[in-house]
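These notes concern the structure reproduced below.
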Amino acid sequence: MTQTVTQKIMALNGAEAIAEAMRQINPDVVASYPITPQTIIVERFSEFVADGLVDTEFVAAESEHSALSASIGAAAAGGRSMTATSSQGFALMWEMLYIAAGMRLPIVMAVANRALSGPINIHCDHSDSMGGRDSGWIQLYSENVQEAYDNTIQAIKIGEHQNVRLPVMVCMDGFTTSHAVERIDVLDDNAVKKFVGEYHIDHPLLDVDQAVTYGPLALPEYYFEIKMQQIEAMTNAKPVIEQVSKAYGSISGRSYGLVEPYNMEKAELAIVILGSTAGTAKSLLDDLNDPRLGLLKIRTFRPFPTEEIAANLRKCKAVAVLDRAASFGSIGGPVFSEVRAALYDEPKRPQIVNYIYGLGGRDTTTDMLKTVYDDLDTVAKTGKPDPVQRFLGLRDD
């Protein structure tokens, strides 16, 4: 069994931590365009390039659409390719998200989650990455700076796995995580280099002896089967994510699964959440010290951990799913809809309610989360999840 390697303690914000992971990965190409609150990632990485600490070709593109286009070209040519974005930049590269996934190129992209305009807002919610949840990218959500660093390193190995070959988003909450300085443990450079290994593509675009085509026209005779291959790859990603997490844990001492249950052993009332607010909920649960109250953090939103969610929630009496993104015209947010569907076939499923929270960066406090558990207690006793969709922290004036 691999021994845990020596690690150094650093004080970094989330953006710097991802840039540090990128330095250790030493990708062949990084193409990006600055946008708040992602800018620090590529700004810091460009300093590594200028100082000769990496061998990376850094492409300062003229837009996010161009940045992902350049990343796609680099990956197709046979290079390990990375990028980063937020909000409107994510929206601008929308077309290319599907192309990267459809070409089965394992690009890793850091997303510093930020609300979408209009109106203009530079603070956190999940409307950007949630909008791309069906673009064919794996999505990992980070609770804190340490997890953002760890997820970035693991994302390389997940996306490049022969049974997967899909692009990966590493998401972290804008400002809350991207700009908050925390104490983290950073692996030795050689340990990261050994863990991610060398990148090899079977059919690089620049192999003139074995000519291949990327981005061909696929009419009805072939398109469906190509999409089916993507579906199968996303299904294959679930065990790969768990395998990579186990391998990473053996060198770092930190293992991450598809979900993280917290105080769920005897929980009757549970909150389901992803991102930094999971840390707020953990703090509340530690203070309350009530075995009836639990938390289920979703780390991997794509592929969606249906079985793991059902296994953790089926014994609960009432569940609140918190969404930091609205799904306009729907009965609930995107996380709620999928969690509810995951529990549909359970013979005795809990009552489920949805809370939209934190839009545009609005703070979510432990007191607010305490009201959610209080509401769940009422729902469990009455058996009436009415209304199904609620709003946490919304002013009533």
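The values are calculated or read from the model by the stated rules, or taken from the named source; none is laboratory data. Keep in mind the model is a prediction, meaning the values are calculated, not measured. Here Cβ is always computed from backbone atoms with ideal geometry, including for glycine, and neighbour counts include all displayed protein chains.
With respect to Ala310, determine if the residue is surrounded by fewer than 20 Cβ atoms within 10 Å (Cβ to Cβ), of a type in the set (A, V, I, L, M), touching an Asp or Glu at 6+ places or on another chain (Cβ under 8 Å) and outside any loop (DSSP other than H, G, I, E, B).
Against the criterion (surrounded by fewer than 20 Cβ atoms within 10 Å (Cβ to Cβ), of a type in the set (A, V, I, L, M), touching an Asp or Glu at 6+ places or on another chain (Cβ under 8 Å) and outside any loop (DSSP other than H, G, I, E, B)), Ala310 qualifies.
When every residue of region 287-294 is checked against the conditions, at least one turns out to be over 28 Å from Asn151 (Cα atoms), basic (Lys, Arg) and surrounded by fewer than 21 Cβ atoms within 10 Å (Cβ to Cβ).
Of everything in region 209-233 that is of a type in the set (Gly, Ala, Ser) and in a loop (DSSP other than H, G, I, E, B), the residue that is surrounded by the fewest Cβ atoms within 10 Å (Cβ to Cβ) is Ala211.
Scanning region 239-269 for residues that are in contact (Cβ under 8 Å) with a residue 40 or more places away in the chain, in contact with a Pro (Cβ under 8 Å, 6 or more places away or on another chain) and over 29 Å from Thr6 (Cα atoms) yields one hit, Ala267.
If Asp367 meets every condition in (1) without any contact (Cβ under 8 Å) to a residue 60 or more places away in the chain; (2) within 26 Å of Asn144 (Cβ to Cβ); (3) surrounded by 14 or more Cβ atoms within 10 Å (Cβ to Cβ) apart from one, which number is that one? Unmet condition: (3). Meeting the requirement of 1 or more residues that are without any contact (Cβ under 8 Å) to a residue 24 or more places away in the chain, the helices (runs of 4 or more DSSP H) wholly within region 106-208 are 189-196.
Scan region 337-364 for residues that are part of a helix (DSSP H, G or I) and either surrounded by fewer than 16 Cβ atoms within 10 Å (Cβ to Cβ) or not acidic (Asp, Glu) (or both) and jot them down. Correct list: Ser337, Val339, Arg340, Ala341, Ala342, Leu359, Gly360, Gly361.
Determine, yes or no, whether Ala247 is surrounded by fewer than 21 Cβ atoms within 10 Å (Cβ to Cβ) and under 27 Å from Ile35 (Cβ atoms).
Working: surrounded by fewer than 21 Cβ atoms within 10 Å (Cβ to Cβ): yes; under 27 Å from Ile35 (Cβ atoms): no.
Criteria not met by Ala247.
Among the residues of region 319-328, is there at least one that is of a type in the set (D, E, K, R) and in contact (Cβ under 8 Å) with a residue 24 or more places away in the chain?
Filtering region 319-328 down to residues of a type in the set (D, E, K, R) leaves 323-324.
Pick out the ones that are also in contact (Cβ under 8 Å) with a residue 24 or more places away in the chain and you get 323-324.
Yes, some residue in region 319-328 is of a type in the set (D, E, K, R) and in contact (Cβ under 8 Å) with a residue 24 or more places away in the chain.
In region 1-53, the qualifying residues are those that are among the charged types (D, E, K, R) and surrounded by fewer than 16 Cβ atoms within 10 Å (Cβ to Cβ), and the one that is farthest from Asp173 (Cα to Cα) is Asp51.
Quick one: which residue in Ser87, Ser81 is crowded, with 24+ Cβ neighbours inside 10 Å, polar (S, T, N, Q), assigned by TED's automatic domain parsing to the domain that holds Ile153 and under 19 Å from Asn26 (Cβ atoms)?
Values: Ser87 fails: under 19 Å from Asn26 (Cβ atoms).
So the residue among Ser87, Ser81 that is crowded, with 24+ Cβ neighbours inside 10 Å, polar (S, T, N, Q), assigned by TED's automatic domain parsing to the domain that holds Ile153 and under 19 Å from Asn26 (Cβ atoms) is Ser81.
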